[in-house]
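Since every read-out is calculated from the coordinates, none of them should be taken as a lab result. This structure is a prediction, so every number in the text was calculated from the model and none was measured. Cβ coordinates were reconstructed from backbone atoms using ideal geometry, including for glycine residues, and neighbour counts include every protein chain displayed.
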Amino acid sequence: MEQANQTETKDRRKWLLWLLLLAVLAGGLGYYFYQSKEAVPLISADLLPESGDATDQRLSERAQEIADANYFTLQINPEAIFEDGQSTGSIEIVNPGTNVYPIAVDISLLSSGEVIYSSGAIYPNQFVENVALATPLAKGKYPAKATINIYDPESKEKQGVTEAELTIIVKN
């Protein structure tokens with residue numbers, strides 16, 4: 001009986017040694033593979049290219065596309081000049097081709113808040129140059145405000161508003 005217990009104890013020890021050896025091997029292999037992998041930078045899913053290789057140059061180009069899509073510029077002449085209050089005049093509003101957002105511009109007099117011009121949609125790479133005022137104005141200089149409404153190109157929902165001051169000049 002004593003010999004059976006000794007044999008059983010030896011078998012248990014063998015199994016424990018084998019399990020310990022396997023655990024050490026698994027740990028060593030795991031450590032080796034973990035240490036031998038190169039560090040992979042995390043990249044936002046927004047930066048991943050649509051197709052093709054994800055080269056550094058392509059990722060940089062995609063990052064610039066995203067930045068451009070979130071950037072907005074506007075060109076507006078600070079003086080709108082009209083020969084008289086009923087003729088067309090030079091207002092010069094430009095939505096540059098670098099924008100992705102369509103805009104609509106309302107010009108109102110600072111003194112009354114009355115809207116004297118509404119552009120309608122101005123898409124990127126379009127401009128408004130000569131317009132007629134909705135309300136004829138007498139000779140003089142009129143401080144005004146251009147309210148620029150910025151729209152999503154897909155949904156056409158308003159995304160934001162910005163303002164610029166300008167002067168309406170009626171010569172006669």
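In region 90-172, what trypsin sites (Lys or Arg not before Pro) fall in a loop by DSSP, with at most 11 other Cβ atoms inside 10 Å? Hits after loop and neighbour filter: Lys139, Lys156. Full extension of the segment from Ser60 to Glu114, taken as 0.36 nm per residue of separation minus the current Cα-Cα distance, would add 14.8 nm. For region 103-172, the Kirkwood estimate of the hydrodynamic radius, built from every pair of different alpha carbons, is 13.1 Å.
The simple spin-label model puts a point 7 Å past each Cα toward its Cβ; for Glu165 and Ile81 those points are separated by 2.2 nm.
Label-to-label distance, Lys10 versus Asp152, with points set 7 angstrom from Cα along the beta-carbon direction: 7.8 nm. Which of the lysines could a cross-linker span from Lys145 if the Cα-Cα distance has to be under 22 Å and same-chain partners fewer than 8 positions apart are dropped? Of all the lysines, those that pass the test against Lys145 - Cα under 22 Å, at least 8 places apart if same chain - are Lys158, Lys171. With the simple spin-label model, which puts each label point 7 Å out from Cα in the Cβ direction, the Lys145 to Asn130 separation comes to 3.1 nm. Taking a sphere under 14 Å around the Cβ of Gly89 and counting the other residues whose Cβ falls inside, with K and R at +1 and D and E at -1, yields a net charge of -2.
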